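Everything below concerns the one structure shown next.
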Amino acid sequence: MNYSNSLNHIWNKFKDPERVKSLVNIIKKEIEKYGKPINIMEFCGGHTHVILRNGLDELLKGYINFVHGPGCPVCVIALERIDLAIELAKIPDVTLCTYGDLMRVPGSNRMSLLKLRAEGYEIKPISSAMEALKLAIENPQKKVIFFAIGFETTSPHTAVLIKQAKKLRVKNLWVVCNHILALVVLEYLLQTEEKPLIDAFIGPGHVSTITGSKAYESIVKRYQKPIVISGFEPLDLIQAIYLITKQMIEERCEVEIQYTRSVTPEGNIKAKEFLKEVFNIRRSFPWRGLGEIPYSAYEIKSEYEIFDGEKIFKVSVNSGKENPFCLCGKVIKGLSKPTECKLFGKACTPQNPIGPCMVSSEGACLAYFKYKRM
Ligand code: SF4
(Lines give C-alpha, C1' and ligand atoms only; values in the text may rest on other atoms or scores of the structure.)
Protein backbone atom coordinates (compact mmCIF):
# COMPACT_ATOMS: atom_id res chain seq x y z
CA MET A 1 0.00 0.00 0.00
CA ASN A 2 1.56 3.36 -1.01
CA TYR A 3 1.52 6.45 1.26
CA SER A 4 -1.53 8.14 -0.25
CA ASN A 5 -3.49 4.85 -0.30
CA SER A 6 -2.67 4.28 3.35
CA LEU A 7 -3.85 7.83 4.19
CA ASN A 8 -7.11 7.22 2.30
CA HIS A 9 -7.49 3.97 4.19
CA ILE A 10 -7.18 5.84 7.51
CA TRP A 11 -9.61 8.63 6.51
CA ASN A 12 -12.13 6.15 5.14
CA LYS A 13 -12.16 4.50 8.57
CA PHE A 14 -13.48 7.76 10.04
CA LYS A 15 -16.30 7.80 7.49
CA ASP A 16 -17.08 4.07 7.51
CA PRO A 17 -20.91 3.82 7.58
CA GLU A 18 -20.84 0.33 9.11
CA ARG A 19 -18.77 1.51 12.08
CA VAL A 20 -21.03 4.55 12.45
CA LYS A 21 -24.16 2.37 12.40
CA SER A 22 -22.86 -0.10 14.96
CA LEU A 23 -21.82 2.70 17.34
CA VAL A 24 -25.19 4.41 16.83
CA ASN A 25 -26.91 1.18 17.91
CA ILE A 26 -24.72 0.98 21.03
CA ILE A 27 -25.52 4.64 21.86
CA LYS A 28 -29.26 4.00 21.45
CA LYS A 29 -29.12 1.02 23.82
CA GLU A 30 -27.17 3.08 26.39
CA ILE A 31 -29.68 5.95 26.18
CA GLU A 32 -32.57 3.50 26.61
CA LYS A 33 -30.88 2.49 29.87
CA TYR A 34 -30.43 6.17 30.76
CA GLY A 35 -34.16 6.68 30.25
CA LYS A 36 -34.39 10.01 28.40
CA PRO A 37 -32.89 11.83 25.41
CA ILE A 38 -29.68 13.80 25.93
CA ASN A 39 -29.46 17.46 24.87
CA ILE A 40 -26.04 18.05 23.36
CA MET A 41 -24.78 21.39 22.11
CA GLU A 42 -22.19 21.13 19.38
CA PHE A 43 -20.42 24.43 19.95
CA CYS A 44 -18.67 24.54 16.58
CA GLY A 45 -20.42 25.36 13.29
CA GLY A 46 -18.08 22.94 11.52
CA HIS A 47 -19.57 20.15 13.64
CA THR A 48 -23.12 21.33 12.81
CA HIS A 49 -22.35 20.86 9.12
CA VAL A 50 -20.86 17.36 9.64
CA ILE A 51 -23.91 16.31 11.71
CA LEU A 52 -26.42 17.51 9.12
CA ARG A 53 -24.44 16.51 6.02
CA ASN A 54 -24.17 12.94 7.29
CA GLY A 55 -27.67 12.73 8.75
CA LEU A 56 -26.38 11.99 12.26
CA ASP A 57 -29.32 13.96 13.68
CA GLU A 58 -31.73 11.66 11.84
CA LEU A 59 -29.84 8.51 12.88
CA LEU A 60 -30.12 9.56 16.54
CA LYS A 61 -33.58 11.16 16.42
CA GLY A 62 -35.41 10.68 19.71
CA TYR A 63 -32.16 9.84 21.48
CA ILE A 64 -29.99 12.94 21.04
CA ASN A 65 -31.31 16.49 20.65
CA PHE A 66 -28.64 18.47 18.86
CA VAL A 67 -28.53 22.10 19.95
CA HIS A 68 -26.50 24.19 17.51
CA GLY A 69 -24.04 26.55 19.16
CA PRO A 70 -22.39 29.93 18.49
CA GLY A 71 -19.07 28.56 17.23
CA CYS A 72 -19.18 30.13 13.79
CA PRO A 73 -16.86 33.17 13.79
CA VAL A 74 -18.60 34.86 10.85
CA CYS A 75 -22.12 34.38 12.30
CA VAL A 76 -21.31 36.06 15.61
CA ILE A 77 -19.70 39.21 14.20
CA ALA A 78 -21.93 42.08 15.32
CA LEU A 79 -23.66 44.29 12.77
CA GLU A 80 -21.68 47.35 13.90
CA ARG A 81 -18.39 45.55 13.24
CA ILE A 82 -19.49 44.75 9.66
CA ASP A 83 -20.44 48.43 9.31
CA LEU A 84 -16.99 49.36 10.66
CA ALA A 85 -15.31 47.19 8.00
CA ILE A 86 -17.43 48.87 5.32
CA GLU A 87 -16.48 52.38 6.50
CA LEU A 88 -12.79 51.45 6.72
CA ALA A 89 -12.86 50.15 3.16
CA LYS A 90 -14.14 53.55 1.96
CA ILE A 91 -11.04 55.43 3.19
CA PRO A 92 -9.01 56.70 0.20
CA ASP A 93 -6.03 54.50 -0.76
CA VAL A 94 -7.13 51.70 1.56
CA THR A 95 -7.09 48.08 0.51
CA LEU A 96 -9.18 46.15 3.03
CA CYS A 97 -8.61 42.42 3.23
CA THR A 98 -10.46 39.81 5.23
CA TYR A 99 -11.47 36.15 5.23
CA GLY A 100 -13.78 35.32 2.32
CA ASP A 101 -17.11 34.49 3.99
CA LEU A 102 -17.23 37.81 5.83
CA MET A 103 -17.43 39.70 2.54
CA ARG A 104 -20.98 38.50 1.94
CA VAL A 105 -22.37 39.22 5.42
CA PRO A 106 -24.87 42.07 5.25
CA GLY A 107 -24.31 45.10 7.43
CA SER A 108 -26.83 47.91 7.90
CA ASN A 109 -29.12 48.57 4.92
CA ARG A 110 -28.04 45.20 3.51
CA MET A 111 -24.69 46.65 2.37
CA SER A 112 -21.82 44.17 2.37
CA LEU A 113 -18.11 44.29 1.57
CA LEU A 114 -18.87 42.35 -1.59
CA LYS A 115 -21.41 44.95 -2.75
CA LEU A 116 -19.00 47.73 -1.88
CA ARG A 117 -16.31 46.06 -3.96
CA ALA A 118 -18.71 46.10 -6.91
CA GLU A 119 -18.80 49.90 -6.48
CA GLY A 120 -15.05 50.01 -7.12
CA TYR A 121 -13.56 49.94 -3.60
CA GLU A 122 -10.49 47.76 -3.07
CA ILE A 123 -11.52 44.82 -0.93
CA LYS A 124 -9.69 41.53 -1.15
CA PRO A 125 -10.59 38.11 0.24
CA ILE A 126 -7.62 36.33 1.76
CA SER A 127 -7.26 32.84 3.15
CA SER A 128 -4.38 33.41 5.57
CA ALA A 129 -3.17 36.33 7.68
CA MET A 130 0.23 36.29 5.99
CA GLU A 131 -1.42 37.22 2.68
CA ALA A 132 -2.10 40.63 4.23
CA LEU A 133 1.63 41.11 4.79
CA LYS A 134 2.35 40.13 1.18
CA LEU A 135 -0.30 42.61 -0.03
CA ALA A 136 1.27 45.42 2.01
CA ILE A 137 4.82 44.68 0.85
CA GLU A 138 3.82 44.39 -2.80
CA ASN A 139 1.69 47.57 -2.70
CA PRO A 140 3.71 50.17 -0.75
CA GLN A 141 1.49 53.00 -2.09
CA LYS A 142 -1.59 51.40 -0.44
CA LYS A 143 -2.80 51.41 3.15
CA VAL A 144 -3.57 47.76 3.79
CA ILE A 145 -6.06 47.03 6.60
CA PHE A 146 -6.55 43.42 7.66
CA PHE A 147 -10.01 43.01 9.22
CA ALA A 148 -9.10 40.00 11.35
CA ILE A 149 -11.83 37.68 12.63
CA GLY A 150 -12.02 34.27 14.24
CA PHE A 151 -11.72 32.28 17.44
CA GLU A 152 -8.49 30.98 18.96
CA THR A 153 -7.96 28.95 15.78
CA THR A 154 -6.99 32.01 13.72
CA SER A 155 -5.91 34.54 16.35
CA PRO A 156 -2.34 33.13 16.68
CA HIS A 157 -1.90 33.69 12.91
CA THR A 158 -2.79 37.36 13.38
CA ALA A 159 -0.37 37.61 16.31
CA VAL A 160 2.42 36.21 14.14
CA LEU A 161 1.48 38.61 11.32
CA ILE A 162 1.79 41.61 13.66
CA LYS A 163 5.12 40.39 15.04
CA GLN A 164 6.44 39.85 11.53
CA ALA A 165 5.24 43.28 10.35
CA LYS A 166 7.13 44.83 13.26
CA LYS A 167 10.26 42.85 12.51
CA LEU A 168 10.19 43.85 8.83
CA ARG A 169 9.28 47.48 9.74
CA VAL A 170 6.27 47.44 7.44
CA LYS A 171 4.71 50.89 7.50
CA ASN A 172 1.51 50.38 5.47
CA LEU A 173 -0.22 47.49 7.26
CA TRP A 174 -2.78 47.72 10.07
CA VAL A 175 -4.95 45.13 11.77
CA VAL A 176 -8.50 45.67 13.03
CA CYS A 177 -8.81 42.95 15.60
CA ASN A 178 -12.12 41.09 16.02
CA HIS A 179 -10.66 37.92 17.49
CA ILE A 180 -12.99 36.34 20.01
CA LEU A 181 -12.73 33.81 22.81
CA ALA A 182 -14.66 30.57 22.47
CA LEU A 183 -14.49 29.50 26.10
CA VAL A 184 -15.82 32.81 27.35
CA VAL A 185 -18.93 32.55 25.19
CA LEU A 186 -19.41 28.89 26.09
CA GLU A 187 -19.52 29.88 29.77
CA TYR A 188 -21.67 32.92 28.97
CA LEU A 189 -24.28 30.62 27.40
CA LEU A 190 -24.51 28.71 30.66
CA GLN A 191 -25.05 31.89 32.68
CA THR A 192 -27.61 33.82 30.62
CA GLU A 193 -31.23 33.79 31.69
CA GLU A 194 -32.53 32.84 28.26
CA LYS A 195 -30.52 29.68 27.68
CA PRO A 196 -31.18 26.47 25.76
CA LEU A 197 -31.46 23.14 27.53
CA ILE A 198 -27.95 21.67 27.43
CA ASP A 199 -26.85 18.47 29.20
CA ALA A 200 -23.39 18.30 27.63
CA PHE A 201 -21.14 19.85 24.99
CA ILE A 202 -19.27 18.55 21.99
CA GLY A 203 -16.16 20.73 22.34
CA PRO A 204 -14.67 22.53 19.34
CA GLY A 205 -11.83 20.53 17.78
CA HIS A 206 -9.86 23.29 16.06
CA VAL A 207 -10.10 25.84 18.90
CA SER A 208 -8.97 23.14 21.33
CA THR A 209 -5.78 22.41 19.37
CA ILE A 210 -4.71 25.87 20.61
CA THR A 211 -6.37 26.10 24.04
CA GLY A 212 -5.89 22.46 25.06
CA SER A 213 -8.47 20.50 27.02
CA LYS A 214 -7.33 21.73 30.45
CA ALA A 215 -8.77 25.16 29.62
CA TYR A 216 -12.29 23.69 29.96
CA GLU A 217 -11.82 22.05 33.35
CA SER A 218 -13.05 24.93 35.50
CA ILE A 219 -16.21 25.34 33.35
CA VAL A 220 -17.01 21.64 33.62
CA LYS A 221 -16.56 21.75 37.38
CA ARG A 222 -18.58 24.93 37.85
CA TYR A 223 -21.55 24.02 35.66
CA GLN A 224 -21.46 20.22 35.86
CA LYS A 225 -21.74 19.69 32.11
CA PRO A 226 -19.52 17.10 30.39
CA ILE A 227 -17.45 18.30 27.43
CA VAL A 228 -15.99 15.92 24.85
CA ILE A 229 -13.70 17.55 22.28
CA SER A 230 -14.35 16.02 18.90
CA GLY A 231 -12.82 15.77 15.44
CA PHE A 232 -14.69 16.47 12.24
CA GLU A 233 -15.40 13.11 10.62
CA PRO A 234 -18.72 11.30 11.18
CA LEU A 235 -17.10 8.62 13.32
CA ASP A 236 -15.34 11.28 15.43
CA LEU A 237 -18.69 12.82 16.31
CA ILE A 238 -20.38 9.51 16.97
CA GLN A 239 -17.52 8.50 19.27
CA ALA A 240 -17.77 11.86 21.06
CA ILE A 241 -21.51 11.29 21.56
CA TYR A 242 -20.79 7.80 22.86
CA LEU A 243 -18.29 9.22 25.39
CA ILE A 244 -20.85 11.82 26.50
CA THR A 245 -23.50 9.12 26.88
CA LYS A 246 -21.14 7.05 29.05
CA GLN A 247 -20.43 10.07 31.26
CA MET A 248 -24.15 10.77 31.67
CA ILE A 249 -24.94 7.17 32.59
CA GLU A 250 -22.01 6.90 34.99
CA GLU A 251 -22.85 10.33 36.45
CA ARG A 252 -19.37 11.57 35.65
CA CYS A 253 -18.66 15.09 34.55
CA GLU A 254 -15.31 15.50 32.83
CA VAL A 255 -13.45 17.00 29.90
CA GLU A 256 -12.48 14.23 27.50
CA ILE A 257 -10.61 14.36 24.23
CA GLN A 258 -11.98 12.24 21.42
CA TYR A 259 -9.86 14.17 18.89
CA THR A 260 -6.59 12.83 20.28
CA ARG A 261 -4.88 12.99 16.90
CA SER A 262 -4.85 16.82 17.18
CA VAL A 263 -5.74 17.97 20.70
CA THR A 264 -3.64 17.66 23.86
CA PRO A 265 -4.39 18.72 27.44
CA GLU A 266 -1.91 21.62 27.20
CA GLY A 267 -2.77 22.79 23.67
CA ASN A 268 -0.33 24.66 21.45
CA ILE A 269 2.04 26.32 23.92
CA LYS A 270 3.93 28.35 21.30
CA ALA A 271 0.69 29.73 19.82
CA LYS A 272 -0.50 30.68 23.31
CA GLU A 273 2.79 32.53 23.92
CA PHE A 274 2.25 34.53 20.72
CA LEU A 275 -1.27 35.44 21.83
CA LYS A 276 -0.03 36.60 25.22
CA GLU A 277 2.75 38.66 23.67
CA VAL A 278 0.59 40.54 21.15
CA PHE A 279 -2.90 40.77 22.64
CA ASN A 280 -4.72 41.94 25.75
CA ILE A 281 -8.27 40.90 26.59
CA ARG A 282 -10.81 43.65 25.86
CA ARG A 283 -13.09 44.74 28.68
CA SER A 284 -16.11 44.06 26.49
CA PHE A 285 -16.96 43.17 22.88
CA PRO A 286 -20.26 43.06 20.94
CA TRP A 287 -21.47 39.67 19.65
CA ARG A 288 -24.34 39.21 17.24
CA GLY A 289 -27.38 37.89 19.06
CA LEU A 290 -25.58 37.83 22.39
CA GLY A 291 -24.91 41.52 22.97
CA GLU A 292 -21.84 42.84 24.81
CA ILE A 293 -19.91 40.06 26.52
CA PRO A 294 -17.26 41.11 29.06
CA TYR A 295 -13.68 39.95 28.47
CA SER A 296 -14.66 38.00 25.35
CA ALA A 297 -12.24 39.29 22.70
CA TYR A 298 -8.65 40.30 22.07
CA GLU A 299 -7.24 43.77 21.43
CA ILE A 300 -3.75 44.66 20.27
CA LYS A 301 -1.31 45.50 23.08
CA SER A 302 0.16 49.01 23.33
CA GLU A 303 3.61 47.65 22.34
CA TYR A 304 2.15 46.92 18.93
CA GLU A 305 -0.32 49.81 18.68
CA ILE A 306 1.29 51.26 15.52
CA PHE A 307 -0.40 48.30 13.79
CA ASP A 308 -3.77 48.78 15.47
CA GLY A 309 -6.10 49.95 12.70
CA GLU A 310 -8.87 50.72 15.17
CA LYS A 311 -6.66 53.31 16.90
CA ILE A 312 -5.17 54.75 13.71
CA PHE A 313 -8.26 55.09 11.50
CA LYS A 314 -11.17 56.91 13.13
CA VAL A 315 -14.39 56.39 11.22
CA SER A 316 -17.92 57.01 12.41
CA VAL A 317 -20.36 54.14 12.23
CA ASN A 318 -24.12 54.61 12.47
CA SER A 319 -25.55 51.13 12.49
CA GLY A 320 -29.16 50.49 11.61
CA LYS A 321 -31.30 47.71 13.01
CA GLU A 322 -31.14 44.01 12.24
CA ASN A 323 -33.95 42.63 10.08
CA PRO A 324 -36.65 42.02 12.76
CA PHE A 325 -37.66 38.71 11.16
CA CYS A 326 -34.12 37.26 11.06
CA LEU A 327 -33.71 34.77 13.90
CA CYS A 328 -29.89 34.59 13.70
CA GLY A 329 -29.61 35.85 17.28
CA LYS A 330 -31.71 32.94 18.55
CA VAL A 331 -30.11 30.42 16.17
CA ILE A 332 -26.65 31.42 17.47
CA LYS A 333 -27.79 30.88 21.07
CA GLY A 334 -29.29 27.49 20.26
CA LEU A 335 -32.80 28.77 21.08
CA SER A 336 -34.26 28.39 17.57
CA LYS A 337 -33.71 26.10 14.63
CA PRO A 338 -33.17 27.81 11.25
CA THR A 339 -36.39 26.32 9.90
CA GLU A 340 -38.35 28.27 12.55
CA CYS A 341 -37.37 31.49 10.75
CA LYS A 342 -40.12 32.77 8.44
CA LEU A 343 -37.53 33.95 5.93
CA PHE A 344 -35.66 30.62 5.71
CA GLY A 345 -35.44 29.38 2.11
CA LYS A 346 -37.84 32.10 0.92
CA ALA A 347 -36.57 35.66 1.31
CA CYS A 348 -33.30 34.32 2.76
CA THR A 349 -31.19 31.93 0.67
CA PRO A 350 -27.43 31.48 0.18
CA GLN A 351 -27.71 33.61 -2.99
CA ASN A 352 -29.61 36.32 -1.14
CA PRO A 353 -28.65 36.00 2.53
CA ILE A 354 -30.35 38.18 5.11
CA GLY A 355 -28.36 37.10 8.16
CA PRO A 356 -24.82 35.78 8.62
CA CYS A 357 -25.97 32.25 9.49
CA MET A 358 -26.99 31.81 5.83
CA VAL A 359 -23.63 33.11 4.57
CA SER A 360 -20.94 31.36 6.49
CA SER A 361 -19.70 27.92 5.52
CA GLU A 362 -20.14 27.12 9.24
CA GLY A 363 -23.55 28.78 9.62
CA ALA A 364 -26.49 26.70 10.87
CA CYS A 365 -28.96 28.23 8.39
CA LEU A 366 -26.72 27.34 5.47
CA ALA A 367 -26.39 23.77 6.81
CA TYR A 368 -30.18 23.42 7.00
CA PHE A 369 -30.58 24.95 3.54
CA LYS A 370 -28.03 22.55 2.04
CA TYR A 371 -28.93 19.34 3.83
CA LYS A 372 -32.43 19.57 5.31
CA ARG A 373 -34.55 21.66 2.97
CA MET A 374 -37.70 19.75 1.99
FE1 SF4 B 1 -31.48 34.96 9.55
FE2 SF4 B 1 -31.85 33.88 7.13
FE3 SF4 B 1 -31.23 32.31 9.14
FE4 SF4 B 1 -33.62 33.48 9.04
S5 SF4 B 1 -32.83 31.93 7.62
S6 SF4 B 1 -32.30 33.28 10.83
S7 SF4 B 1 -33.10 35.42 8.07
S8 SF4 B 1 -29.93 33.91 8.26
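The values are calculated or read from the model by the stated rules, or taken from the named source; none is laboratory data. Fair warning: this is a prediction, and the values are worked out from it, not measured in the lab. Backbone-built Cβ (ideal geometry, glycine too); neighbour counts: all protein chains shown. When the accessible area is computed, the model is the full protein with side chains, heavy atoms only, and any ligands, DNA or RNA have been set aside. Shrake-Rupley method; radii C 1.70, N 1.55, O 1.52, S 1.80 Å.
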**OP:** Considering (1) touching a residue at least 24 places away in the same chain (Cβ under 8 Å); (2) more than 16 Å from the ligand (Cβ to nearest atom); (3) not hydroxyl-bearing (Ser, Thr, Tyr), say which one Ile269 fails and leave the rest.
**Re:** (1)
**OP:** Kindly indicate whether any position in region 300-315 is more than 24 Å from Pro73 (Cα to Cα) and modelled with pLDDT under 95.
**Re:** yes
Original post:
With respect to the numbered conditions (1) open to solvent by 60 Å² or more (accessible area, probe 1.4 Å); (2) within 30 Å of Glu310 (Cα to Cα), which one is the sole condition not fulfilled by Asn25?
Top reply: (2)
Original post:
Taking the stated definitions as given, is Asn280 open to solvent by 30 Å² or more (accessible area, probe 1.4 Å), more than 18 Å from Asn109 (Cα to Cα) and either modelled with pLDDT of 95 or more or more than 16 Å from the ligand (Cβ to nearest atom) (or both)?
Top reply: yes
Original post:
Of the residues that sit in region 273-300 and are among the small types (Gly, Ala, Ser) and not in a strand (DSSP E or B), which one is farthest from Ile82 (Cα to Cα)?
Top reply: Ser296
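Report whether or not Pro286 is open to solvent by less than 80 Å² (accessible area, probe 1.4 Å), away from the ligand (no atom under 15 Å from the Cβ), within 21 Å of the chain's Cα centre (by Cα) and closer than 13 Å to Cys75 by Cα.
Judged against the criteria, Pro286 is a match.
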Subject >> Subset of region 68-83 that is surrounded by 23 or more Cβ atoms within 10 Å (Cβ to Cβ) and among the aliphatic types (A, V, I, L, M) - its residue that is farthest from Ile40 (Cα to Cα) >> reply: Ile82
Original post:
From the set of residues in region 258-272 that are in contact with a helix residue (DSSP H, G or I) (Cβ under 9 Å, 6 or more places away or on another chain) and outside any loop (DSSP other than H, G, I, E, B), which is least open to solvent (accessible area, probe 1.4 Å)?
Top reply: Ala271
Original post:
Taking region 318-374, which residues are part of a helix (DSSP H, G or I), open to solvent by 30 Å² or more (accessible area, probe 1.4 Å), within 11 Å of the ligand (Cβ to nearest atom) and not basic (Lys, Arg)?
Top reply: Thr339, Glu340
**OP:** Need at least 2 residues that are under 28 Å from Ala136 (Cα atoms) and modelled with pLDDT of 95 or more per element, so show me which strands (runs of 3 or more DSSP E) inside region 1-105 make the cut, counting only ones lying wholly within it.
**Re:** 94-99
Original post:
Any chance region 109-119 includes a residue that's over 14 Å from Val176 (Cα atoms), in contact (Cβ under 8 Å) with a residue 40 or more places away in the chain and surrounded by 19 or more Cβ atoms within 10 Å (Cβ to Cβ)?
Top reply: no
**OP:** Within region 289-306, track down each residue that is of a type in the set (Val, Ile, Thr) and open to solvent by less than 40 Å² (accessible area, probe 1.4 Å).
**Re:** Ile293, Ile300
